């Protein structure tokens, strides 16, 4: 963590990252709920929404589309990632060098580390190389810290998530992206373990508006610095609408109720809003 | 995908690539149907046909023959490839560096990636290195995207081919070469998944004129940008003739019937032309 | 061992190193006995204690916190280390290069070598690279010499510890950190094997004040050059107090009794002080 | 194949290479039939024979002996090779870099590739590196193309040898050295597959004069460009004599009968000379 | 072998190398017969004896002690070596680069190669790198050529030792260190196989004065160029005395009887001196 290194992808120390690498990680099947978002143009347009502080894409998408949006969108270069055709122990190929990403116009880099994988050590060393190159190019560093592998049965326990954010701090991430550990207390513990580095929660699979906003509200209240989200936005019919709600929750300290109002969305569980 | 990076090997955004690396990939047995094409001179002469936008060969062939044809032929340097003496999990040695290919006069590079192989990650990282070097030398990038490996039983399903073109887009290919997925709908889906990068279909084994042209016509109608073809041209007695037909279909929007007329070839299934 | 290369992290040829990498090596669980020390600020404040000659941390902690303490604390950059999510044979990823550590302001580097591990050879070669880079940047070199692996059942026997310090000498460490081998005689043998390089004992798990100081006193009397300690300080309610005692024992040749007096701590076994 | 790149080691496009790396590949046992040739001086003296266009040796032999013969002998630096103490799958260590070989005075490099070995891919990539470095130093490139490995039971079938020469062409050798495939027709096929690159046959184990010359005569008539020979020369009592005969067959288009006359050697099978 | 490259560590083409890396290779247990020699100072003092042409040590010992002896002792930098905690197939980590060794003041390098090990190929390639770097720094090259591994039951047969010295010659050593093959005839054969490179015998475990000198005398008479010795000197109560004897045998062509006289040592088997 270098103070202010992540300024380009945060606002008031908070961040809403649109993560758009499902086409690589999961394949076209992930676009089926909302086929329009298979088109990167659609996603870059979404990324011009005020709520979005950065869009995270792989090299080819950045090469082909970012030039048209560079005035309005902040680029987070996701450097590694692997197709799910891969059958081996969790691992991720490095698809993009920091030097090339900086030329394409990135303001920050993103890098996945699978703690507990048999490839943990090589992934951490690849992270080191990217992290130090990012420092030379004054780019922020975001770690996707996802413990995963043969020895890990349940990677979203509070202890594992707290370890995940600590790995981000110790290894030199400015922001660490982790799954929501299930409770505000666990999230708060994970945030504490990150010291003065930031933590964003991962958006996960699509849930209903109220549930999603409530989880984000809890995470923010527990000290998280925002959200990195993909499918939970892209798989909706009206992705702009949920971005309105997320903006209220993340940047304007809105309650879930107020955020649903902003969205014009009906609560599915009104009792929980009391 | 960098806009216009592939200009040297396309015409009106379409491409017909003569792929001539069977001698390496399959060995001399592949020349038996038309022994004359074992001689690279014969292939470079074919590549002077107006229809051909580039010839894809390995380093040694380029060193020995390209100098005599450099005014009339565009060179696509196929950087990796492996003999079929290799018994291991699908993999491909890197036989040529971009720097050397640029010196020999290449206008673009070609690179095979076997998604799903146990060597997928190293192949993708080798692709990255070649792709970024190609950017520095202003060479176009063509990915042979062929999912293959222990875990993949049927690599030509629509889903797999759509994933193949998406890999090309995400990882930074300008053009992705894939097998024909069996139907125009599937081809169209694959083309959509490639975003603004291009897709060419692989020519495959020799089929009869009408069948071959019909498949290419379908692929073009489904949005493909052309064809990369080897055996399906070289194993014919009169390769120039099929190139005439392909030129009509790919660049002149000819119907299969008109293309057969151009070739002076009798339809084998006249009913299908109605 | 290069004469005086370790001057920045020693005083009168003695050293008390605060080692703070439990968050990486063991995870947040190690902070539970004294949660305040999960916060790196708390540790850097402790490191301003006169007794402390250096604080050993990983890159991310140094990036985020050292700038606020650089006038008062000496930085020992712990270059490698691995989470305990790792299930493989003992190994350690290299998380930090010497070049970057020097830029962050380190005065010395620390590096773990697991002699006897199936990864011994690669770890020793990584140590070589770090050691030689440290020489170019005039940084001291501390080896965490911890034999560990399938073939080693009991890594704290006198013979193993003596071999550990010899490895430090032969491979080029200025200071070698080893576990206490159980007796002053064994410690003395280990110190002898280190030739003119220095040996510090590892603090290990928390023990009571008297026992801990007695072990350190024995080690110093046997020729050790000090202590590298983490949990045995951080897991106490009053870490400053034990640092007072350690200062007396290590730098002022105090007896255990006198050191307990300095601390205002009651002996748990008064008879042993006679 | 780069035109004329092999000029230094050919004469009228033909080549007779003395290959002297048995000491490494097979060990001292190979010198037993003619112990004098264990002495490299004896071999370099032989290499001054007019028939010899190059001598192929490993680095240490070149360092120690070539300086005394550099005016009279052409050096082909054999870059890789392995002792037969090696028990693993066929592989060859790279014992010499092109840069060093060029400094020692080499005019060409030699490199073994075991197609079909589990190490094929790494060997081909090492060949690439050597081949491209050779291009930068204007050195000719000779590939020892020897399919060998678990999956290959019979590596001297016509198909395998034709594949071997094609690998040489495709991968960028100027000259490919292969075993004799058993018949002139098979040799001719292998030569055809090599395109405009050259093919030399491997001398193999010692056979009688007439048999040996007849095989070479057949190979030359089938289009081969010469011979690379070791034991079949060195294990004779009078190596100069067989070189006289080989010179006649390779460079002067002599019949076997005439070559035996030149040697003053009696035919063992006079009927075959009719 | 480059003529005169080893001048700094030979005298009249003969060499007596004190090899002092037991602390790394075998651990402190090797010093037990003569504990004083655990102290490198004691060994460097011995190395000032007229008989000694070089002392072979690892990096850390050289860093810490050589500066005090550089006017009187010649440094042979032993670049690789591994602790016997290592349980894997024979291998040796590279602990020291040539560049660093040259800065520390080395006049030659030493490198172990285990022919026949599953790591043979990587060790030979590491040797290549060191050997070529040594050439750039004008340092002599000594190979410890010790066939060892799963497939080798008896590594001291005459054939194996002859192969060992041939490996030294072919791969580019100036001097090859091998075990004594058991007879003068076998030693002579090994020396012959080394061509114009030099051979020194390894001193082995401690034997009585007469036996040891007789073996060295035999080796010298068989053409060896000297001795590299460690335990057989250091484990004696009076190491200077045996150095006197070795000086007589190696450099002054003394008989065993005369050498024992020089030493003031009684023959244990007077009959053998006749």
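The values are calculated or read from the model by the stated rules, or taken from the named source; none is laboratory data. Keep in mind that this is a model prediction, so the values were computed, not measured. Neighbour counts run over all protein chains shown; Cβ positions are idealised from the backbone, glycine included.
Looking at this structure, is residue E:142 in contact with a strand residue (DSSP E or B) (Cβ under 6 Å, 6 or more places away or on another chain) and at pLDDT 95 or above? So residue E:142 fits the description; yes. Considering only residues of the stretch C:182-199 that are buried (at least 24 other Cβ atoms within 10 Å of the Cβ) and away from every other protein chain (no Cβ under 12 Å), which is nearest to residue E:77 (Cα to Cα)? My answer is C:199. Among the conditions (1) over 21 Å from residue D:28 (Cβ atoms); (2) in contact (Cβ under 8 Å) with a residue 40 or more places away in the chain, residue E:266 misses just one, which is (2). Somewhere in the stretch D:23-35, is a residue away from chain E (no Cβ under 11 Å), over 16 Å from residue D:96 (Cα atoms) and not in a strand (DSSP E or B)? Yes.
Can you tell me how many residues in the stretch A:147-170 are under 20 Å from residue C:62 (Cα atoms) and surrounded by fewer than 24 Cβ atoms within 10 Å (Cβ to Cβ)? Total satisfying the criteria: 0. Taking the criterion of being buried (at least 17 other Cβ atoms within 10 Å of the Cβ) and more than 9 Å from chain B (Cβ to nearest Cβ), the residues of the stretch D:135-146 that qualify are D:139, D:140, D:141, D:142, D:143, D:144, D:145, D:146. Residues in the stretch C:237-264 that are closer than 22 Å to residue C:12 by Cβ and under 20 Å from the mean Cα position of the chain (by Cα): 13 in all. If you go through the stretch A:39-60 one residue at a time, do you hit one that is in contact (Cβ under 8 Å) with a residue 60 or more places away in the chain, within 25 Å of residue B:124 (Cβ to Cβ) and in contact with a strand residue (DSSP E or B) (Cβ under 6 Å, 6 or more places away or on another chain)? The answer is yes, given that some residue of the stretch A:39-60 is in contact (Cβ under 8 Å) with a residue 60 or more places away in the chain, within 25 Å of residue B:124 (Cβ to Cβ) and in contact with a strand residue (DSSP E or B) (Cβ under 6 Å, 6 or more places away or on another chain). Against the list (1) out of contact with any strand residue (DSSP E or B) (no Cβ under 7 Å at 6 or more places or on another chain); (2) touching a residue at least 12 places away in the same chain (Cβ under 8 Å); (3) assigned to a loop (DSSP other than H, G, I, E, B), the condition residue C:4 fails is (2).
Scanning the stretch E:203-217 for residues that are surrounded by fewer than 19 Cβ atoms within 10 Å (Cβ to Cβ) and within 18 Å of residue E:190 (Cβ to Cβ) gives a single hit, E:204. Looking across B:160, B:176, one residue alone is in a helix (DSSP H, G or I) and either free of Cβ contacts under 8 Å to residues at least 12 places away in the same chain or farther than 25 Å from residue A:126 by Cβ (or both). It is B:160. The residues in the stretch C:118-146 that are in contact with a helix residue (DSSP H, G or I) (Cβ under 7 Å, 6 or more places away or on another chain) and over 26 Å from residue C:61 (Cα atoms) can be counted, and the count is 0.
Matching residues to (1) closer than 23 Å to residue B:130 by Cβ; (2) touching a strand residue (DSSP E or B) at 6+ places or on another chain (Cβ under 7 Å):
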| residue | (1), (2) |
| --- | --- |
| B:159 | no, no |
| B:170 | yes, no |
| B:174 | yes, yes |
| B:202 | yes, yes |
| B:206 | no, no |
| B:234 | no, no |
| B:239 | no, no |
| B:273 | no, no |
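Selection of the stretch E:8-35 for residues being without any contact (Cβ under 8 Å) to a residue 12 or more places away in the chain and either out of contact with any helix residue (DSSP H, G or I) (no Cβ under 6 Å at 6 or more places or on another chain) or more than 19 Å from residue E:65 (Cβ to Cβ) (or both) yields E:29, E:32, E:35. Scanning the stretch E:6-22 for residues that are within 14 Å of chain C (Cβ to nearest Cβ) and surrounded by 24 or more Cβ atoms within 10 Å (Cβ to Cβ) yields a count of 2. Checking A:182, A:223 one by one, the residue that is in a loop (DSSP other than H, G, I, E, B) and closer than 18 Å to residue A:142 by Cα is A:223 and no other.
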